[in-house]
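Right, one structure below, let's go through it.
Every number in this text was worked out from the coordinates using simple rules, so none of it is lab data. Nothing here was measured: the structure is a model prediction, and the numbers come from that model. Positions of Cβ are backbone-derived with ideal geometry, glycine not excepted, and every protein chain shown enters the neighbour counts.
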Amino acid sequence: MLLTNKIILVTGARRGIGKAIVLAAMREGATVIAHLGKNNSETSKGSVFASEDVFELHGDLSSKKDVDQIWQDAVAWKGRVDVLVNNAGVFNPSPYENLLDWEQGWEMSMSINLKAPARFCRHAIVHFESTGEGIIINMASRSAHRGDDAEHLAYGAAKGGLLALTKGIARSFAASGTLAYAIAPAWVRTEMAEDHIATVGEKAINASLPMREITPPSDVAETVCFLASGRARHATGCTIDITGADYVR
């Protein structure tokens, strides 16, 4: 198994890509810390994974205090974290027509999609310097390369920043044992994408894709597991596009 003895923190693990990553990592022998979202009556209702190999925790990623607490609790559980997977994200609008809506959209997107992952990365780098090695995997997007539509400019900008952050970490901390990778999916069949898929029309989306199908979350999860295994050390700093050839660089 690829991930035996690995302890992995996955943010945004309640559903979609995050949940698929947790399940795939468990199959590969990992012990997983799964961040499930805010600590409220809806998100904290019951266990999602019900396994002794998964430690479930909550926290609001727009809160610096919560991000810090999530990291501290994650490390405290088994005494270390080997892999950080910054998966959590929001695809919220930032409409330019109204200044207040534009500001709120940019603030939320930057807070969740860039600032929180950056804060987790900072914690991880410091931790990995003490343990001697570690891996960071940041979930970006096709939008990081090509930008997004007029209603989601902030989303594309935040994901672009995440790519730059990943490259900078790889270049700056490889010598001290930290590896960093990014993954940039396009259409992935997740709960977060369902509304958008329904609006555009799945038939129309499939017709526009070279593989004629929306990417399943498992494709992303398996890629994460491979990178988390440490078997691609000299690929540190790279971005892997999972788009079914819809976007090719």
The chain, Cα convex hull volume normalised per residue, Å³ = 128 Å³
ask   = Cα gyration tensor of the range 69-203, axes a ≥ b ≥ c as square roots of the eigenvalues: rounded (a/c below 1.5), prolate (a/b > b/c) or oblate?
value = prolate
remark   = Exposure-ranked with fewest Cβ neighbours within 10 Å first, TYR96, TYR155, TYR247 stand as TYR96, TYR247, TYR155
task = Kindly provide the helix-only [θ] at 222 nm of the chain, computed as the sum of -39,500 (n - 2.57) over DSSP H runs of four or more divided by all residues, to the nearest 500 deg cm²/dmol?
result = -13500 deg cm²/dmol
query = Any idea what angle helix 153-173 forms with the longest principal axis of the chain, computed on alpha-carbon atoms, 0 to 90 degrees, nearest 10?
reply = 30 degrees
query = Of CYS225, CYS238, CYS121, how do they rank once you tally other Cβ atoms within 10 Å and put the fewest first?
reply = CYS238, CYS121, CYS225
note = For LYS6, counting only aspartates and glutamates whose alpha-carbon sits under 18 Å away and dropping same-chain residues fewer than eight positions off, the answer is GLU28, GLU52, ASP53, GLU56, ASP73, ASP82, GLU129, GLU133, GLU222
message = I'd like the distance separating the alpha-carbon centroids of the range 96-123 and the range 1-74, in whole Å.
response = 22 Å
request  = Note down the magnitude of the dipole of the chain about its Cα centre, charges +1 on Lys and Arg C-beta and -1 on Asp and Glu C-beta and zero elsewhere, to the nearest 20 debye.
outcome  = 760 debye
note = In the structure shown, of LYS65/LYS115; LYS38/LYS64; LYS65/LYS159; LYS65/LYS167, the pairs separated by more than 20 angstrom at the C-alpha atoms are LYS65/LYS159; LYS65/LYS167
ask   = Once you charge only the Cβ atoms, +1 for Lys and Arg and -1 for Asp and Glu, what is the size of the charge dipole of the range 113-249 about its Cα centre, to the nearest 20 debye?
value = 580 debye
ask   = When only C-alpha pairs under 8 Å and at least 6 residues apart count, what is the relative contact order of the chain, in percent?
value = 20 percent
query = Between the DSSP loop rule and a limit of at most 10 other Cβ atoms within 10 Å, which trypsin sites (Lys or Arg not before Pro) in the range 130-219 are left?
reply = ARG212
query = Between ARG171 and VAL248, what is the label-to-label distance in nm when each label sits 7 Å out along the Cα-to-Cβ direction?
reply = 2.8 nm
note = Here the gain from full extension of ARG146 to ARG212, 0.36 nm per residue of separation minus their alpha-carbon distance, amounts to 21.7 nm
ask   = Going by how many other Cβ atoms sit within 10 Å of their own, how do HIS152, HIS145, HIS234, HIS196 line up, fewest first?
value = HIS234, HIS196, HIS145, HIS152
ask   = For the Cα atoms of the chain, what angle does the longest principal axis make with the long axis of helix 16-27, in degrees from 0 to 90, nearest 10?
value = 30 degrees
